[in-house]
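Heads up, the thing below is written out as structure tokens.
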Amino acid sequence: MDRSIGKLFFIGIPGPEIDAQTRELLQRVRPGGVCLFARNIRSAEQVNELLLGLRETVSPQIMLSVDQEGGTVDRLRRIIEPFPAADKIRNAEDAREHGALIGRALRLLGFNMNFAPVVDVATDERRANNNGLRGRSFGNSAEEVVVLAGTFIHAMQAEGIAGCLKHFPGLAAATVDSHEELPVVPIGVEEFESIDLNPFRRLITDFDVQFVMIAHAVYPELALQERDRNGRLLPSSLGSLVVNKLLREECGFTGVAITDDLLMGAITREYGLPEACLMAINAGEDMLAICSEPELIVRSFDRLAEAFKNGELSRAHFDASIERIDRIASSLAEPIKFDESEFDELSAKVVDFKARLQ
């Protein structure tokens with residue numbers, strides 16, 4: 001078995017420390033990345049120690065991320081003043097400060113990337129959609145998203161935290177939450193190209209974007225929509241036309257493509273997790289996000305190892321993914337010394353920042 005298989009996994013861990021169960025999981029899989037959630041976060045010092053422990057247990061070049069958007073998706077709210085939501089950011093100056101504050105906080109804690117910004121375009125008409133994105137998008141037009149999200153990611157990356165555009169190729173027109181079921185995005189080519197795809201294409205071209213997260217959704221009106229072997233509409237995260245043709249060929253993306261969490265209802269209702277992992281890698285995804293359930297993570301790892309041995313796993317896709325993962329991982333920022341006083345000062349700066357947004 002190729003020990004690099006674990007690098008394809010971006011996983012969640014059970015708790016706030018590396019206990020025996022977690023250590024066994026990490027040493028078995030050797031994941032390429034770990035994402036922290038609220039269950040992993042107790043104090044700033046504890047998070048810093050946990051992240052240092054993950055580097056020591058797995059690899060100094062492991063990707064260490066979190067969903068730190070602000071607003072409803074703010075994993076650090078227990079340990080620092082809660083950050084404002086993206087829809088509270090009105091101009092480039094505020095977007096720059098927002099990105100810089102989040103970037104510095106994450107860098108001090110020991111992270112090297114962030115699953116942000118959301119670049120789904122929530123127009124005035126789409127804001128009423130119950131799709132789990134309310135308040136999480138910058139602006140209300142493709143142009144505003146490009147300016148605000150672009151300024152945000154540039155400022156955050158200047159602090160040493162790599163950003164991740166999500167949710168490619170656009171989820172804001174969906175009317176259901178992919179955490180619960182598979183969204184249908186019933187838009188035509190003109191709307192898709194001018195609104196949804198527009199920010200991804202431009203941000204990938206104009207900024208040093210290293211990560212893109214692929215949505216779980218179907219787009220029945222678009223030529224990129226595929227069907228699975230049973231004739232069902234195939235989720236975008238499992239489709240080669242979305243990942244290889246649209247993202248890589250048409251948008252020119254050369255970084256790491258990551259699935260959204262494969263434990264979401266959009267995937268688990270139709271596909272078993274281990275098989276979905278194999279489908280995603282063969283479709284051209286580089287990394288598989290599995291945010292909980294250690295037993296399922298191990299089963300999925302074992303399934304890919306089996307597929308590698310028997311030829312079900314595309315060796316060309318595997319080799320290309322490992323090259324991209326290694327290249328990007330080696331470019332991520334090194335950890336710095338945790339400074340509790342500076343972290344407290346950052347919390348006060350967030351208070352002032354939010355007051356100026358009112």
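Every number here is computed from the coordinates shown, using simple stated rules; none is lab data. Everything numeric in this text was worked out from a predicted model, so none of it was measured. Every residue, glycine as well, gets a Cβ built from its backbone with ideal geometry; the counts of neighbours run over all protein chains shown.
A few notes on this one:
- Note on E342/R3: beta-carbon distance plugged into 1/(1 + (r/R0)^6) with R0 of 35 Å gives a FRET efficiency of 0.40.
- Share of Cα-Cα pairs in the stretch 1-142 lying beyond 21 Å, as whole percent: 48 percent
- Under a 5 Å amide H cut-off, with hydrogens placed 1.01 Å from N, G12 pairs with C35, I290, C291, S292 among residues at least 5 apart or on other chains.
- Descending by average beta-carbon neighbour count within 10 Å, the peptides 284-294, 334-344 line up as 284-294, 334-344, the highest first.
- Inter-probe distance in nm under a simple model that places probes 7 Å from Cα toward Cβ, at R90 and E221: 3.3 nm
- Extension gain for V351-S43 works out to 109.0 nm (0.36 nm per residue, less the C-alpha to C-alpha distance).
- Residues H154, H167, sorted so that the one with the fewest Cβ neighbours within 10 Å comes first: H154, H167
- Calculated [θ] (222 nm, deg cm²/dmol) that DSSP helices of n ≥ 4 give over the chain, each run adding -39,500 (n - 2.57): -12000 deg cm²/dmol
- With contacts taken as Cα pairs under 8 Å and at least 6 residues apart, the chain reaches a relative contact order of 19 percent.
- Cβ-placed point charges (K, R +1; D, E -1), dipole of the chain about Cα centre in debye, nearest 20: 420 debye
- DSSP-defined antiparallel bridges as percent of all bridges, the chain, nearest 5: 15 percent
- Cα coordinate range in the stretch 285-335, projected on the principal axes (Å, largest first): 35, 29, 14
- Binning all Cα-Cα separations of the chain at 10 Å, short to long from zero, yields these whole-percent fractions: 5, 27, 36, 25, 7, 0.
- Of the peptides 97-106, 7-16, the order by per-residue mean of other Cβ atoms within 10 Å, starting with the highest, comes out as 97-106, 7-16.
- Here the label points at R232 and E180, each 7 Å from Cα along the C-beta direction, are separated by 1.9 nm in the simple model.
- Anisotropy class of the stretch 139-187 from Cα gyration tensor, a/c 1.5 cut: oblate
- Count of Lys pairs (Cα-Cα under 23 Å; at least 8 positions apart or interchain) in the chain: 7
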